[in-house]
Structures are given as structure tokens and as C-alpha cells.
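Structure first, then comments.
The values are calculated or read from the model by the stated rules, or taken from the named source; none is laboratory data. Computed from a predicted model, the values in this text were never measured in an experiment. A quick note on method: Cβ atoms are made from the backbone with ideal geometry, for glycine too, and the neighbour counts reach across all protein chains shown. Protein only, heavy atoms only, side chains kept; ligands, DNA and RNA dropped before computing areas. Shrake-Rupley method; radii C 1.70, N 1.55, O 1.52, S 1.80 Å.
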Amino acid sequence: MIQFLLNQALKTEHALDPNMTVLNYLREHLHKTGTKEGCASGDCGACTVVIGELSTDDHGQDHLNYRSLNACLTFVASLHGKQLISVEDLKHQGQLHSVQRAMVDCHGSQCGFCTPGFVMSLFALQKNSDEADSAKEKHAQAHEALAGNLCRCTGYRPIFAAAEQACGQRQPDQFDEHKAQTITRLRAIKPVQTAELSGGDRRCLVPLTVADLADLYDAYPQARLLAGGTDLALEVTQLHRTLPVMIYVGNVADMKKIEHYDDRIEIGAATALTDCYEALSNEYPDFGQLLHRFASLQIRNQGTLGGNIANASPIGDSPPLLIALGAKIVLRKGTQSRTLALEDYFIDYRVTARQESEFIEKIIVPKADASQAFRAYKVSKRLDDDISAVCAAFRVQVDNGVVIEARMAFGGMAAIPKRAAHCEQVLIGQPWTQATVERACAALEQDFTPLSDFRASKEYRLLSAQNLLRKYFIELQTPHIETRVTAYV
Ligand SMILES: Cc1cc2nc3c(=O)[nH]c(=O)nc-3n(C[C@H](O)[C@H](O)[C@H](O)COP(=O)(O)OP(=O)(O)OC[C@H]3O[C@@H](n4cnc5c(N)ncnc54)[C@H](O)[C@@H]3O)c2cc1C
Ligand code: FES
Ligand code: FES
């Protein structure tokens, strides 16, 4: 059984197909058809809903956080203990919500198909906006909030005007009025033990502790772990497969923690990408830069760092950065844990060092060392919401003009995210000069034989990798040059 709030109403579901997405639950089970299906793959934002979730601060105070996500990639079991708000919930006492009013006033809708998704992204933006922010900051936040929503007919200018209106004159709404009540209701349904949602011969288990997760994965080695679902759900929505047993890791509190130590940051594998990248960007600003280039806000709100590593995609964005930084992962199986350098996790295309019933518990990232220069670059066809053709991350340490350490990692260049061993060898012990960098660029041809696909040709990939290394060298020589986030095909 799972329990959640559907707006303010308590919902208890005993028997539902756990392969059902929140989109299909709303539309086909509850007949709430305001939330639309455009792509069922996280690309268009028409299915955007908002999830309210309790968080407790260091003083024991509960807070209610609202985040947008894609209902088409969210399985119903992940609603357990949360609040689901869909577009039907915004109109109150016969009056449009201020974000809906702004869309009408600013002519932000034509055919209307995309409009519920935009409205929900605007609603989440309004809930998280701060009136004290400058107009420039607000525009950047609106850009960020809406980058995962596509509109084919209106054009985005009126929608940005609606964002400005909605966040500029923020009025208290019914959600503000009911906030204390919502927190009380969410506290009342706070899960206290492993839950299960089953329907037919399919089941999804929802543990709360790492130990329970380990036990369940031992008992069901064939189960698929479900984190944000932004990859896994595609197997159902795009490949039309069924997932007979899933174990949802998103309610395991210890796997959603970010802990800061003197020399490292430890990040629970089930932490949302939004939170991870924000925490890492304080230490390494390039994570903050990449955050804006990683998928859309909806995907980053639900996708996790553990999922981004575990899926072992050769074009995942976090692994090259983490490998260049020398990050490690903690793998857990039953009561046993082992720590592995992240680069050793990836063995071959989608083949990893993870054993049966073993899962990623946390990621350990060393803290910044002022003597090492870290930079990351993503090359993709679009600035927003696009997958990398090439992703590169470099960290060199230069002492008295000589390279004493080099970690150069790439995504999109091989079947796995990988260090460039030959390139590193050419650099180490040599003067940090243009001539050395040119030799290192040549060595990249020994490190990689990239593939050609619809994102880029092999020649383009190799040349991009070499040029990114040249760019890195130039940036370190002239630190005022700031070109990395604008690199695209
Ligand atoms: C529209 C769209 C845009 C995207 N853009 C990008 C992008 O720009 N850059 C990028 O890198 N990726 C991108 N992705 C891919 C995806 O969002 C990320 O890889 C994300 O981090 C996956 O995390 P998740 O929590 O959603 O994983 P899930 O889908 O829940 O899981 C993915 C896989 O990892 C396994 N898994 C999950 N957690 C664990 C764990 N703790 N231990 C062991 N196994 C585990 C699951 O069983 C599954 O096999 C995009 C996806 C979509 C749909
Ligand atoms: S339907 Fe397109 S993102 Fe969900
Ligand atoms: S109003 Fe038609 S797709 Fe946006």
C-alpha cells in the first residue's frame, strides 16, 4: 500500500500496476486529463506536475519544498509520503491561479496543448522565487524553469512575460494558506516501514533504510532499482517492456544526504541532481556551469547522481567530471561495503563492476585543492536539455611550470566514460606549455577511436576533444576568459 496527498486529499492505493506512470495514473485512473502527454520521454514538459515534499532542517523544523517533474517518467510508487499537485488543483474558488492569470494576460497560449505543463513549471518557479531577486536573476530563473517545456505555436516571449508577471506580483495562494495543514498531513503519512505497491504479478518495494534496501535486493536480485526513473521509465514508455520487480531507493533517507568533511563531500546516491550539483558547485564552480546544461529542471529534480553513474551511459555528464576529480563510490551488498575508484566501475559498454544485488550507496568527492585547476566542458547541439556529443573534464597540477599530476577524462569518446591515459603520460613531468599541450592533443588519437552517430561524427568528436584541451590551456593562461558553457556544435 502507498499513501500520498493528491493536492489536499489523502490517497491510499492498495493495488495498482507499479509500472504505471503518474501521467497515466492521473489521466487514465483518475480521469484528470489536464496533464498532457507529448512525448512520454521527458523531452517536452507537457506532463509537468509539482511534487511537495517535507524536509527537516538542522533545528528539527519541517519545511515543504515544491519541485516540478515529468509525470511521464515518474512511477506511482515514488509518490509514497509526498504531495502531488496537478494543473487541476490550481484554480481555486472559481478563480484562476495567478500563474494561469499571467498566461492569459500575456497571451502565453495558443492551441493550449503545452499550456498545463508551462503553468505547472511557472507554479514551481513562483513557489521557489524570491521577490528580492533582481530582474536579471529572475529572467535567468525563468529560463531555467522553462527550458524543459516546449511550445510549438505561441513563441516563448509571451510566456516569459507571464513568468515575469507571476513572479513579480506574487500573491499568497491556497497552497500558502494550507501550508501548515499540508505539513501536518504529510507528517501523519510519513512512512515508517517498507511499503509495497503491487498489481497483478508486478511489485514495487519502497524501503526506508540502507539496511532494508540491502536485504530486499539480496532477496530479489532480479529486481530493478528505481531512483529518479528518468532512464528506467523509458524502458516502459519507449521500449514497452515490463518491470516485474522494482525497489525504489528514493525514500531511503541516508542515501539522500550530502555530508561535508574537511577533505571530501559524501553524497548519497539517491540525491537529486539539482541538489548534488548545487553542493558541488560551491567547491567546483564548473559543476554549477554544467548544471544548467544537464537535461531540464524537471529531469534534474528527479534524476539522481547514483542513477547517472549506475546506468553506465558513455555520454552521462557526471562521470567524466567525477573521474577527473578522483571521486570514489561506495558499493553495498548485504552488510558488506567496498569503495571503488569511479573510473574502475566502468568496464565496457554498459558493463560495470557492480555485482548481483550490489548497489551504489554513496559517492565520495575530494574537496578542491587550490594547486589543482579543474575545468569541465560540454559540447552538445543545443544549449538546454541536450545530451553531450563530447564531455571533457581536466584537472592538472603544475609546480614550477612543470605538470606533476594530470587527470583528463572524457565522455562520448569511447564505450565508457574514460581517462585519456596516453594524453596524461605525455603531460606529466613536462613543462606546461603550448608545445606540450599540442603533443598531448596528438596523444588523444591513441586514447580514443570515437564512433560516428547522429550527435557527431568521429572526426568531429576527436577534434572537439583536442580543441577542448587547447581551450583549457588557454583558459588557465588567461583566467578572465570564460568560454566553457557556450561551447556547442
Ligand atoms: C529528457 C532527458 C534528458 C537527459 N539529459 C541528460 C543529460 O543532459 N546528461 C546526462 O548525463 N543524462 C541525461 N539524461 C539521462 C538521465 O536523466 C540521467 O542519467 C539521470 O541521472 C539518471 O538518474 P535516475 O535517478 O533517474 O536513474 P533511474 O532511471 O532511476 O536509474 C537508471 C539506472 O540506474 C540504476 N540505479 C539507480 N540508482 C542506483 C543505485 N543507487 N545503485 C545501483 N543502480 C542504480 C537503475 O536500476 C537503472 O538501471 C537525460 C534523460 C532524459 C529523459
Ligand atoms: S510527455 Fe513529454 S516530457 Fe512527459
Ligand atoms: S500553445 Fe500550442 S504548443 Fe504551445
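Of the candidates 145, 140, the single residue that is within 16 Å of ligand 1 (Cβ to nearest atom), outside the structural domain of residue 293 (by TED's automatic domain parsing) and over 28 Å from residue 206 (Cα atoms) is 145.
Determine whether residue 473 is among the hydrophobic types (A, V, I, L, M, F, W, C) and either farther than 25 Å from residue 386 by Cα or modelled with pLDDT under 95 (or both). Judged against the criteria, residue 473 is a match.
Summed over the stretch 132-153, residues that are closer than 20 Å to residue 67 by Cβ and more than 16 Å from ligand 2 (Cβ to nearest atom) total 8. The C-beta contact set for the stretch 278-300 (first residue open to solvent by less than 30 Å² (accessible area, probe 1.4 Å), second residue more than 10 Å from ligand 1 (Cβ to nearest atom) and among the acidic types (Asp, Glu), distance under 8 angstrom, 6+ apart or interchain) comprises 288/278; 291/278. Scanning the stretch 128-160 for residues that are part of a helix (DSSP H, G or I) and within 20 Å of the chain's Cα centre (by Cα) gives 128, 140, 141, 142, 143, 144, 145, 146.
Exactly one residue among 344, 348, 317 is at pLDDT 95 or above, outside the structural domain of residue 448 (by TED's automatic domain parsing) and within 19 Å of residue 291 (Cα to Cα), and that residue is 317. The number of residues in the stretch 296-323 that are among the β-branched types (Val, Ile, Thr), under 8 Å from the mean Cα position of the chain (by Cα) and away from ligand 2 (no atom under 16 Å from the Cβ) comes to 1.
Residues in the stretch 10-26 that are within 14 Å of ligand 1 (Cβ to nearest atom) and either in a loop (DSSP other than H, G, I, E, B) or modelled with pLDDT under 95 (or both): 18, 19.
In the set 63, 59, only one residue is touching a strand residue (DSSP E or B) at 6+ places or on another chain (Cβ under 6 Å), open to solvent by 40 Å² or more (accessible area, probe 1.4 Å), at pLDDT below 95 and not assigned by TED's automatic domain parsing to the domain that holds residue 297; that residue is 63.
With the condition kept exactly as written, say whether any residue in the stretch 414-421 is assigned to a helix (DSSP H, G or I), of a type outside the set (Asp, Glu) and buried (at least 18 other Cβ atoms within 10 Å of the Cβ). Among the residues of the stretch 414-421, not one is assigned to a helix (DSSP H, G or I), of a type outside the set (Asp, Glu) and buried (at least 18 other Cβ atoms within 10 Å of the Cβ), which makes the answer no.
In the stretch 93-145, the residue that is modelled with the highest pLDDT out of those that are open to solvent by 60 Å² or more (accessible area, probe 1.4 Å) and among the small types (Gly, Ala, Ser) is 94. Here residue 321 passes the criteria (1) in contact (Cβ under 8 Å) with a residue 60 or more places away in the chain; (2) assigned to a helix (DSSP H, G or I); (3) open to solvent by 40 Å² or more (accessible area, probe 1.4 Å) except the one numbered (3).
Which ones in the stretch 100-127 are within 8 Å of ligand 3 (Cβ to nearest atom) and part of a helix (DSSP H, G or I)? Of everything in the stretch 100-127, those that are within 8 Å of ligand 3 (Cβ to nearest atom) and part of a helix (DSSP H, G or I) turn out to be 115, 118. Does residue 17 satisfy being in the same structural domain as residue 206 (by TED's automatic domain parsing), free of Cβ contacts under 8 Å to residues at least 24 places away in the same chain and away from ligand 2 (no atom under 15 Å from the Cβ)? No; evaluated as a whole, the condition is false for this residue.
Scanning the stretch 10-26 for residues that are open to solvent by less than 30 Å² (accessible area, probe 1.4 Å) and more than 17 Å from residue 204 (Cα to Cα) yields 23, 26.
Selection within the stretch 166-177: residues that are buried (at least 16 other Cβ atoms within 10 Å of the Cβ) and modelled with pLDDT of 95 or more. The member of this set that is nearest to ligand 2 (Cβ to nearest atom) is 175.
Okay, residues lined up against (1) surrounded by fewer than 15 Cβ atoms within 10 Å (Cβ to Cβ); (2) on the phi > 0 side of the Ramachandran plot; (3) assigned by TED's automatic domain parsing to the domain that holds residue 325:
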position: 234; (1), (2), (3): no, no, no
position: 237; (1), (2), (3): no, no, no
position: 242; (1), (2), (3): yes, no, no
position: 257; (1), (2), (3): yes, no, yes
position: 260; (1), (2), (3): yes, no, yes
position: 264; (1), (2), (3): no, no, yes
position: 267; (1), (2), (3): no, no, yes
position: 270; (1), (2), (3): no, no, yes
position: 273; (1), (2), (3): no, no, yes
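Taking residue 72, is it under 23 Å from the mean Cα position of the chain (by Cα), under 28 Å from residue 158 (Cβ atoms) and within 16 Å of ligand 3 (Cβ to nearest atom)? Criteria not met by residue 72. May I ask you to verify whether residue 135 is without any contact (Cβ under 8 Å) to a residue 40 or more places away in the chain and away from ligand 3 (no atom under 16 Å from the Cβ)? Considered against the rule, which asks whether it is without any contact (Cβ under 8 Å) to a residue 40 or more places away in the chain and away from ligand 3 (no atom under 16 Å from the Cβ), residue 135 comes out as yes. Note on the stretch 147-165: residues that are under 18 Å from residue 98 (Cα atoms) and touching a His at 6+ places or on another chain (Cβ under 9 Å) amount to 6. Checked against (1) open to solvent by 20 Å² or more (accessible area, probe 1.4 Å); (2) closer than 25 Å to residue 54 by Cα; (3) in contact (Cβ under 8 Å) with a residue 24 or more places away in the chain, residue 228 meets all criteria but (1).
Conditions tested, residue by residue: (1) open to solvent by less than 50 Å² (accessible area, probe 1.4 Å); (2) more than 18 Å from the chain's Cα centre (by Cα); (3) within 16 Å of ligand 1 (Cβ to nearest atom).
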| residue | (1), (2), (3) |
| --- | --- |
| 8 | yes, yes, no |
| 28 | no, yes, no |
| 47 | yes, no, yes |
| 50 | yes, no, no |
| 54 | yes, yes, no |
| 85 | yes, yes, no |
| 91 | no, yes, no |
